[in-house]
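Have a look at the structure below, then the notes.
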Amino acid sequence: MNTSMYSAFDSDQDVSILSVTKLNKEVIEIVTKRPEDFSFYPGQAAEVLINSGKDTEKHIICLTSIPSDNYLEFNFATDDNSGFQLHELKNNNQKMQIGNLIDTIDINGEGVFIAEGAGIIPFISILKDLKDRNELGNSILLNVNKTKTDIIHEELLNNLLGYSVFNILTEEKTAGYVFGDIDTDFLKTHVIDFDNLFYLSCTPNLSADLHRQLSMLGVDDRLIIENH
């Protein structure tokens, strides 16, 4: 994670939670009110404190709203060791404290976005903002998940990118979805221009494999940008 931070406020600030939704077995979405003085860039995450009895530690969670929205939306992956549970958020918690903002990936316009699992989360705000500013261009998304039920925001992504979204399932064969792993043959079939920027938000293993494959296909290493 990038250690470069700045504060959206002069000091940490509480915001009211409007809704909490479980998107799949591990990803939660929180929507909050947006303070008038709050500013951020697409792809940023925030240090937050969920005000429940068990949660005394700040968490870093990604903004998935865009600067033109009048609310704040956050998505994050959670588990039994996260420090809080979904039922606590729904039943006992009405506030969330927002502190420093953190850059997650450096975006320089359209490109090939490759995400694995919850790695799609930083791309949500980025892709929505590019669409909002009519700057998606010829961007494509390769979205890797184990099964269909692991995919989040599928309808949104299809609306943003249409036929330029390729959902790849590694553990389930389902009609209408690509099955298997990303390899050089897949990349040659679906990526037209290897002079594009390639944005990676994947596990270290997949990122290393993609670096190797893209290098074999002649992609300059300077065109490959990874999440922090």
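Numbers at a glance
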| quantity | calculated |
| --- | --- |
| Residue-span extension gain [Glu135 to Asp106] - 0.36 nm each, minus C-alpha spacing | 8.9 nm |
| C-alpha long axis of helix 204-216 to longest principal axis of the chain, angle in ° | 30 |
| Neighbour-count ranking [beta-carbon atoms within 10 angstrom, fewest first] of Ile126, Ile102, Ile225, Ile114 | Ile225, Ile102, Ile126, Ile114 |
| P(r), alpha carbons of the chain - 5 Å bins starting at zero, rounded % | 1, 6, 14, 18, 19, 16, 12, 7, 4, 2, 0 |
| Length gained when the stretch Asp12-Thr184 is fully extended (0.36 nm per residue, less Cα-Cα span) | 57.3 nm |
| Label-point gap, in nm, between Ser39 and Thr174 - each point 7 angstrom along Cα→Cβ | 4.1 |
| Relative contact order [Cα under 8 Å, 6+ residues apart], the chain, whole percent | 20 |
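No lab work stands behind these numbers, since they all come straight from the coordinates. If you're wondering where the values come from, they're calculated on a predicted model, not measured in any experiment. Don't worry about glycine lacking a Cβ; one is built from the backbone with ideal geometry, like all the others, and counts go over all protein chains shown.
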